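Novice: What follows is a structure written as structure tokens; I'll ask about it next.
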Amino acid sequence: MRKLKVPNTFVLLFILLFVVAGLSWILPSGQFDTQMLNGKTLVVPGTFHVVDANRQGLASVLMAFISGFEDGAEIIGFVLIVGGVFGIFNVSGMLDAGIRRLVSKARNSATLQMLLIPIFMMLFSLGGAVFGMSEEVIPFVLIFVPIALSLGYDSVVGVAIPFVGAHVGFAAAFMNPFTLQVAQGIAELPPMSGFGYRVLCWFLLTGLAIGYVLYYAARVRKNPELSPTFASDQIKREKHHYSEEANVLESAHVIGLTLMAAGFGILIYGVLEWGWYIKEISAVFLSMGIVIGLVSRLNLDAMVKGFLDGAKDLLSTALVIALAKGLVVLANDGRIIHTILNGLSQSIAHFHPIVCSQLMFLVQTVLNFFVPSGSGQAALTMPIMAPLGDLIGVARQTSVLAFQFGDGFSNMIIPTSGVCMGALALGEIPWEKWVAWIWKLQVLFFVAGCLLLIPTFYLWVGH
């Protein structure tokens, strides 16, 4: 895989736009009827019908780019604001000083260095499992990449700690309101039901992710040239002097870091208790930038320049997210998503229930490419998968778990996910190089997911 020549990320996404447009000419356009239930638009099982084709041509492909900006406006704006705020942090010097102090302590403590990766990955996984941490992980990439580079790892490890950590928890969630609770509501299951087995799945899968990252981190620290980002990481180290000794933490740095920690605390509380999402989180970050800039005694010109420089550094990230969102818009406009769902759901109905549950997992994985939204995919697929499971002997709890696995694992690799492409762009990791690293973990996740679905046949029969 490391030797596989894959086009540049932008080129790859444009190629995929043409592929999706081509499918609109090959596949019949189809649609399920929909109904509103508790404010959600759900498909009605058994109502699939062919509709007039809406084939996507060259003009549609070119317009998909700007449509992606429209569809992904919130997350694009969020990324630019986060980049600008971190630009202010960089000008203040507090983030650099804080990271170097942490790294200095880790270098002098074998225990701290050994526990840093598993502790933080476990915390991010809890965030994914409990409150559906996903977009919220993006700012942490800007913190953990420098930490990883300073400790002798690479950018891949820096992105993996928050991104893989949060998304393995997202996939194996036991409370996530955006996937688990939405899916259970649609499947007419009690909220939080199946809690015990889901916690077991979370623990095992999180352990698998941590083990994979730890094994890779140890290898790449011993032999840095094994890293797919070796060349670019060398440039980063020279540019930012990550190998230098820790800076002196001045009082303004300490106050700034304390305010930043308090801001993250407010953010987490707001997400959990008040249902905050991107707009509110963006406002918290902007407030943090302004307050910390003033505490650091930066004049307004310096704050604005830092903000603009930070936002400018993430322009390519914004473009990648827009292209990824444009793919989804194109697939929707081409009216092929329901056709694919109908064909895949019908193809699994003739197998043993255990095999059917595993095929449901595969179907959800495929559909996640076109619908990389947890709640959106639940609203699309669960009204079909839940009653289909009743007919073929698959418990509704099992159908929900198959949905979680299919939605969550592939979010770490699909190029239509704005969060995935945004996190990689922040870490300056080309998508093809990320695939070269994560594909083995995806295989392990798929095998583990299939195995974890087997006991549910005996555990949740009749539920």
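The values are calculated or read from the model by the stated rules, or taken from the named source; none is laboratory data. Values in this document were obtained by computation on a predicted structure and should not be read as measured data. Quick reminder, even Gly has a Cβ in these numbers, built from the backbone with ideal geometry, and neighbours come from all protein chains shown. The accessibility values were calculated without ligands, DNA or RNA, using every heavy atom of the protein model including side chains. Shrake-Rupley method; radii C 1.70, N 1.55, O 1.52, S 1.80 Å.
Novice: Quick one: Karplus J couplings for segment 136-151, per residue in order, coefficients 6.51, -1.76, 1.60, θ = phi - 60°, nearest Hz, x for Gly and Pro?
Specialist: In residue order, the calculated couplings are 5, 6, 4, x, 5, 4, 5, 8, 7, 5, x, 4, 4, 5, 5, 8 Hz.
Novice: Can I ask one more? Which ³J(HN,Hα) values, rounded to whole Hz and listed in residue order, are derived for segment 274-280 from phi using the Karplus coefficients 6.51, -1.76 and 1.60 in 6.51 cos²θ - 1.76 cosθ + 1.60 with θ = phi - 60°, glycine and proline given as x?
Specialist: Couplings: 10, x, 4, 9, 4, 4, 5 Hz.
Novice: Given that compact globular proteins tend to follow 2.2 N^0.38 Å, what is the ratio of the alpha-carbon Rg of segment 316-463 to that value?
Specialist: Values: Rg = 16.1 Å, N = 148, 2.2 N^0.38 = 14.7 Å.
Normalised Rg, Cα atoms only: 1.10.
Novice: Which aspartates and glutamates does Lys222 reach when only Cα atoms under 13 Å apart count, and residues fewer than 8 places away in its own chain are ignored?
Specialist: In chain and number order, the partners are Asp154.
Novice: Just the accessible area per residue of segment 1-136, please: how many Å² with a 1.4 Å probe?
Specialist: Details: 6950 Å² over 136 residues.
Ligands and nucleic acids excluded, the figure is 51 Å² per residue.
Novice: Continuing with this model, one more query. With +1 on each Lys and Arg Cβ and -1 on each Asp and Glu Cβ, and nothing else charged, work out how big the dipole of segment 18-176 is about its Cα centre, in Debye to the nearest 20.
Specialist: Values: 6 positive and 9 negative charges, 130 e Å.
Dipole about the Cα centre, nearest 20: 620 debye.
Novice: Right, here's the next one. Can you give me the angle between helix 195-222 and the longest principal axis of the chain, using Cα atoms only, in degrees from 0 to 90, rounded to the nearest 10?
Specialist: For 195-222 against the chain, the angle is about 50 degrees.
Novice: Using 0.36 nm per residue, how much length does the chain from Val447 to Trp25 gain when fully extended, once their Cα-Cα distance is taken away? Mind showing how you got there, number by number?
Specialist: On the way: separation 422, 0.36 × 422 = 151.92 nm, distance 3.42 nm.
The Val447-Trp25 span can extend by a further 148.5 nm.
Novice: Could you put Phe446, Phe405 in order of accessible surface area, largest first, with the 1.4 Å probe and the full protein assembly present?
Specialist: Sorted by accessible area, descending: Phe446, Phe405.
Novice: Still on this model: Report, in debye and to the nearest 20, how large the dipole of segment 56-130 comes out about its Cα centre when Lys and Arg carry +1 and Asp and Glu carry -1 on their Cβ.
Specialist: Roughly 620 debye for segment 56-130.
Novice: Go through Thr258, Thr229, Thr47 and list them by solvent-accessible area, largest first, probe radius 1.4 Å.
Specialist: Thr258, Thr47, Thr229
Novice: Please report, in Å, the Rg and the Dmax of segment 48-98, where both are computed over Cα atoms only.
Specialist: 20.1, 61
Novice: So what's the angle, to the nearest 10 degrees on a 0 to 90 scale, between helix 73-92 and the longest Cα principal axis of the chain?
Specialist: Rounded to the nearest ten degrees, it is 20.
Novice: Turning to a different aspect of this structure: Any idea what the dipole of the chain comes to, in debye rounded to 20, about its Cα centre with Lys/Arg Cβ at +1 and Asp/Glu Cβ at -1? Could you put the intermediate results ahead of the total?
Specialist: On the way: 25 positive and 26 negative charges, 207 e Å.
In total the dipole reaches around 1000 debye.
Novice: Using only Cα atoms, find the angle between the long axis of helix 110-131 and the longest principal axis of the chain, and express it within 0 to 90 degrees, rounded to the nearest 10.
Specialist: 40
Novice: Then there is this: Per the Kirkwood treatment, what hydrodynamic radius in Å, one decimal, follows for segment 104-238 from the mean inverse distance over all distinct Cα pairs?
Specialist: Numbers: mean 1/r = 0.0634 Å⁻¹.
Computed over segment 104-238, the radius equals 15.8 Å.
Novice: Also: Run the simple label-point estimate for Val304 and Ile15 please: 7 Å along Cα→C-beta, distance reported in nm.
Specialist: Distance between the two pseudo-spin positions: 4.4 nm.
Novice: Further, regarding this structure: In Å, what Rg and Dmax follow from the Cα atoms of segment 312-389?
Specialist: Reported Rg and Dmax, both Å: 15.4, 54.
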